[in-house]
Every structure is written in C-alpha cells, then in structure tokens.
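Below is one structure, written out as structure tokens; the observations come after it.
The values are calculated or read from the model by the stated rules, or taken from the named source; none is laboratory data. Note that the coordinates shown come from a computational prediction; the quantities given were computed from them, not determined experimentally. Positions of Cβ are backbone-derived with ideal geometry, glycine not excepted, and every protein chain shown enters the neighbour counts. Remember, those area values only see protein heavy atoms, side chains included, never the ligands or the DNA or RNA. Shrake-Rupley method; radii C 1.70, N 1.55, O 1.52, S 1.80 Å.
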Amino acid sequence: MSENTLKQYKTQIALCRDIFVKKNSDYGPSWRILRISSLIDQIFIKAQRLRSIEEKKQQKVEERIENEYYGIINYCIITLVQLDLGESFELDNQNEQLLKLYDEKANQAEELMESKNHDYGEAWRQMYVSSFTDLILSKLLRIKQIIQNDGKTSISEGIDANLFDIINYAVFALIRMS
C-alpha cells in the first residue's frame, strides 16, 4: 500500500471526526437513544440518495455529495459504538468516552483497510464511484437481513464486519472523487 493511500485515508477520517465533534457539540449524543435498525436506516437513506443522484445525473437539494459519504462513515462508526454500548437515554457526561470509542472504531476500520488493500492491491482505485454506492447498499441490505435474523448468521460475517466495509467503501469513494 502506498503512503499516499494512508495519508488520503487519514485525511478523510479526520474530516469525518471533525464533523462528528461539531455535531455532538450542537446536538449532544442524542443518537444514543437510537436502535441499530434506526441507525442502519439513516445510512440507507444517505446511500439511496447517492444512487438516486447517480442515476438521475442531477440533484435538486444543493448539498454536496461528499457530505453523504461523511454521514455514512459517521453513522457507521456511531452504529459500531452503539453495538458495543446499546442504546441509552442517559446522555450526560459521555463526550470524552464517545470520542475515544469513535477513534477506536475509526482505527479498526483503518487497520482493516490496510490489510485488505495489501491483499487486493488497491483495486479500488480502478473502480467507479457508483460501484461503491452499490456495494454500500448491498452491505446495508445484508445488515437488514441479519437484523431480521435477530443478529445471527450461520456462516456470514456479522453486522460489525459489514459496517467496517461500508466505512472503507465510503472513504474510497471520497478519495476517488477528490
């Protein structure tokens, strides 16, 4: 893997983290009350908007496409944290702990990216951005099925593995777009 890839990856994650910190400042950790299914639906809405714009080749809401990818990444990390902690109505004094957990999940995603990037030889650099959108949607449909199966799989990866893949697909899309 090239040093450039790691630098580009870290740049995108840093932008996501900055957004997370600012949104937490504005709204607090209000997302902590959301169930996993609700968080997955938030990611799905963002991915579906991307696909819709890609297919129609126009957008009516003038919000940057990149913002949807940042949202996907942040909601994936939030969902991973929620998988560990469970939803909660106790929202006080969590910011430091939540930021630490955010960083842990972002680091896990980066480590996975480095391992897979080594094995696949940066094949993602030759992919269409629209392919990342499709892969994200496919992973989300898998997660929805896993949720319907009460979180159980017989042979497949679980919700967390799919979320880490989605994070990496979204980062790759952002890098390809820049």
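What fraction of the Cα pairs in region 74-178, stated in percent, has a spacing above 20 angstrom? Write out the running numbers ahead of the final one.
Working: 2504 of 5460 pairs.
When all Cα pairs of region 74-178 are counted, 46 percent exceed 20 Å.
For region 120-155, chymotrypsin sites (Phe, Trp or Tyr not before Pro) are listed when DSSP marks them as loop and at most 12 other Cβ atoms sit within 10 Å of their Cβ; the list is 128.
Straight-line cross-link partners of residue 100 among the aspartates and glutamates, defined as a Cα under 14 Å from its Cα and at least 8 positions apart when in the same chain: 18, 84. List the aspartates and glutamates whose Cα sits under 14 Å from the Cα of residue 144, skipping any in the same chain fewer than 8 residues away. Cα-Cα hits under 14 Å: 41, 157, 160.
Sort out the exposed loop GluC sites (Glu not before Pro) in the chain (DSSP loop, at most 16 other Cβ within 10 Å) and tell me the longest stretch that has none. Mind dumping the intermediate values first?
Details: sites that count: 62, 63, 87, 90, 122, 157.
With a cap of 16 other Cβ atoms within 10 Å, the longest stretch comes to 1-61.
When only the Cβ of Lys, Arg, Asp and Glu is charged (+1, +1, -1, -1), the dipole of the chain relative to its Cα centre reaches about 600 debye.
Surface listing: 61, 21, 171 arranged by accessible area from highest to lowest gives 61, 21, 171, probe 1.4 Å.
Please work out whether region 123-177 counts as rounded, prolate or oblate from its C-alpha gyration tensor, where a ≥ b ≥ c are the square roots of the eigenvalues and a/c under 1.5 means rounded, while otherwise a/b larger than b/c means prolate and anything else oblate?
Details: a/c = 2.95, a/b = 2.60, b/c = 1.14.
It is prolate, given that a/c is not under 1.5 and a/b is the larger ratio.
Could you work out what % of the accessible surface of region 22-178 is carbon and sulfur, using a 1.4 angstrom probe and leaving DNA, RNA and ligands out of the count? The computed percentage sits at 47. Only helical runs count toward this figure. For the chain, summing -39,500 (n - 2.57) over DSSP H runs of n ≥ 4 and dividing by all residues gives -26000 deg cm²/dmol at 222 nm.
Once all protein chains are placed together, residue 56 keeps about 140 Å² accessible to a 1.4 angstrom probe. By the gyration tensor of its Cα atoms, with a ≥ b ≥ c the square roots of the eigenvalues, what is the shape of the chain: rounded for a/c under 1.5, prolate for a/b over b/c, or oblate? Note, shape of the chain comes out rounded.
Projecting label points 7 angstrom from Cα along Cα→Cβ for residue 38 and residue 15 puts them 2.9 nm apart. In this view, the solvent-accessible surface of residue 23, computed with a 1.4 Å probe and all protein chains in place, comes to about 110 Å².
May I ask for the distance between the Cα centers of region 112-178 and region 1-69, given as a whole number of Å? A separation of 14 Å, based on Cα centres. Does anyone have the angle between helix 3-27 and the longest principal axis of the chain? Alpha-carbon axes, 0 to 90°, nearest 10? Helix 3-27 sits at roughly 30 degrees to that axis.
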